[in-house]
Structures are given as C-alpha cells and as structure tokens.
Amino acid sequence: MKTCNALMAGAAMIVSGLSASGVVAEEFRLGLITPPPHVWTLAAEEFGAALNEASGGEHSVTVFPARQLGNEAEMLQQLQTGALDMSFMTIAEVSNRAPEFGAFYAPYMANDIEHAAAILRSDAARELLEQLPGTVGVVGVGYGSAGMRQILTNGGADSAADLTGQKIRITPFEPILDFYNAFGVAPTPMPLPSVFDALANGQVDGIDMDAELILGLSYYEHADTMIQTNHMMFPMVGLVSARVWAGLSEEDRAMIGELMAAAVDSTLDTYVAREQEWLDGIRATGISYQEAGPEFFGDAIDTWEAIWTERAGDALSSLRAAAAELE
Ligand code: BEZ
C-alpha cells in the first residue's frame, strides 16, 4: 500500500511537472545572437548549468546561439509574447523601445573597460531596469557587456573628418546612428552575423566593433587599420519574458534572478581581464594601429549630447553622475 501510494504520488507529480522537492520542472529556452565561443554564449551555458544544479536537476536551459531563434528584435518580440523564455541581449535593442537606455551610449561616458563595468554595476544603472516589465514586457535581471567600441577601417584617419563619406557598419540602433551621422560618415546599420561578408565583399569600408570580435572573427583580415578609440561601452542585459516570470514561483524567481544576474555580471569581469589581450592580439596581426581619444571626433560628441539629453531624459544625468563618482 505504501509502495502503491508512493508510485501514485510520483505519477501525479510527473503529470503536473512537480518534483519531490516541490519545484515545478521547467525547460527554459535562452536565445542570443552571439556565436558559440563568444563570452556571452559561454556565460549563458554557465547559467544553465548553475540553474540545473541549484534546482536539483529540475530546471534546464537550452541555449540557442548565433541567431538561431531570430535577430534581437525578433527575440524581443518572442519574449514579449512568452514564446521565448530568456535572452542575453544588447542594450541596443532595448534602447530602440525604451530610449532612456540610449544614455549608456554617451560617447566617452566610460573612460575605459573597468570604468564601464563599474557604471553598469551602479544603482543608477540598476534602477533603469525597473521600468522594463511595464515598458518592454521583459524582466531585466542585470547587466553584462562586450568590450569598448573601436573602429576598424581601410586607409586610416587623423580625425573622424577623414572618414567622411565612408560606409561604416554600425549595430542597428539610434544612439550610435546619431553619433556616426554627427561626423559625416555613411553609417550602415547591420546585425552582427552579416558583418564578416559585408566587410569581405566591400559592401562597407569599415566597422564599429569590439576588440574580441575584431580578433576572434578575423575581421582584421579585410581592413588595414585599427583605430582604438574606446568611444563607447556596449552593455548587455539578461532578460526573462515578463509573462514567463509571472508564472514562476517566488522561489524560482529568486533562484533564476540571482543566477542569471551572476552570469551576466561575470562577463564584465571577463572583458576587464581580457580586453588588453585582444587589443594586443590585433596589434600583433601587423595591420596599421592608431590610438585616438575624444578629440578625434571633434564636435560630434556635443552634437550627440544635445540630441540625447532630450531623448534619454534623467537617465543621462543620473548615469553621468554615477560615472563621475566612480572615476
Ligand atoms: C555588435 O552588433 O557589434 C555586437 C553584438 C553583440 C555582441 C557584440 C557585438
């Protein structure tokens, strides 16, 4: 009888998906646009393993890298409807729907990769996440990042004015479009997976990119000059569908929120630790290598500031205040 009761209880649990520990077993799907060996994809895999362990094997996360589930705009839509559970995504896509997030792209707000990490860990940055369930239909658990943005091009430049008329690939989002428009290049918005071919076949003259990918995806093979500008940080955010979140127990929310936040935060440490190694690697390829600072961009920075002071509202001033404190 005892055995029979235990079996019946087990069967009932299987039907309802409830484990002996009281956790409802879930198979989550997490999408990203980055390729399998990328820092973000590895962090997503680590999050899945940590969640599986913390839930006693009840929860699993299947990671879909390299845009298998669509581009970021498509994945954000899927998160909104609950068709996708989770994503590690550029703030770029979020900023297309919640303009306050454009404040993160203020040129030279961060002095370097360490400063960028500190800004992304600030209360001002965290507070911005609070609006996401209401404005975008997603829960933001925390920030990660890729490295600082650089320009890889052909022909070199003494100042941004020398790039006038060149087609430079940018990530498709408004803050960076406004920046490149401000110094007269022809910005060419293009998602990450299309960049290699576009550079290789001459569809663009150069790209806005980070050091990890310039080196790791061999973009340097199709351009002769690296301009290390460090002109912007490039934040990432760990997202859970607000619909999926609403269906989770308090216990699962706490577990997922904590583990996902730790996973995205770990990318900040990775870029701080490895940015210089990747920059050195690019230098070692033998392509021409220049270093430039804010002066390279002339008054483009002020032009950007004028546009985004209005669009990003208080977010720009609060992030700037945090950046100043953290210097
Ligand atoms: C990009 O669009 O340049 C990009 C996207 C995700 C990670 C790194 C770079």
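The values are calculated or read from the model by the stated rules, or taken from the named source; none is laboratory data. What you see is a predicted model; the values in this text were computed from it and never measured. Every residue, glycine as well, gets a Cβ built from its backbone with ideal geometry; the counts of neighbours run over all protein chains shown.
Sub-7 Å Cβ pairs linking a first residue in the stretch 37-58 that is without any contact (Cβ under 8 Å) to a residue 12 or more places away in the chain to a second residue that is surrounded by fewer than 17 Cβ atoms within 10 Å (Cβ to Cβ), at least 6 apart or interchain, are Asn52/Ser60, ordered by first then second residue.
Being modelled with pLDDT under 95, closer than 18 Å to Ala242 by Cβ and small (Gly, Ala, Ser) narrows it down to one residue among Ala73, Ala11; which is it? Unique residue meeting the criteria: Ala73. Just one of (1) farther than 14 Å from Phe297 by Cα; (2) modelled with pLDDT of 95 or more; (3) surrounded by fewer than 20 Cβ atoms within 10 Å (Cβ to Cβ); (4) outside the structural domain of Phe296 (by TED's automatic domain parsing) fails for Arg97. It is (2). Within the stretch 122-169, being β-branched (Val, Ile, Thr), out of contact with any Lys or Arg (no Cβ under 9 Å at 6 or more places or on another chain) and without any contact (Cβ under 8 Å) to a residue 40 or more places away in the chain holds for one residue alone: Thr164. For the stretch 305-316, filtered to residues that are of a type outside the set (A, V, I, L, M) and within 19 Å of Pro294 (Cβ to Cβ), the residue that is surrounded by the fewest Cβ atoms within 10 Å (Cβ to Cβ) is Thr309.
Looking at Arg29, is it assigned to a strand (DSSP E or B) and within 30 Å of Pro172 (Cβ to Cβ)? For Arg29, the condition - assigned to a strand (DSSP E or B) and within 30 Å of Pro172 (Cβ to Cβ) - is met. Beta carbons closer than 9 Å, at least 6 apart along the sequence or on distinct chains, pair a first residue in the stretch 197-225 that is touching a residue at least 40 places away in the same chain (Cβ under 8 Å) and closer than 18 Å to Ser288 by Cβ with a second that is polar (S, T, N, Q) and near the ligand (Cβ under 10 Å from one of its atoms) for Asp208/Thr171; Met209/Thr171.
Against the conditions (1) surrounded by fewer than 21 Cβ atoms within 10 Å (Cβ to Cβ); (2) farther than 30 Å from Leu51 by Cα; (3) away from the ligand (no atom under 14 Å from the Cβ), Met226 satisfies every one except (1). Candidates in the stretch 169-187 are the residues that are away from the ligand (no atom under 12 Å from the Cβ) and farther than 15 Å from Ile301 by Cα; of these, the one that is farthest from the chain's Cα centre (by Cα) is Ala186.
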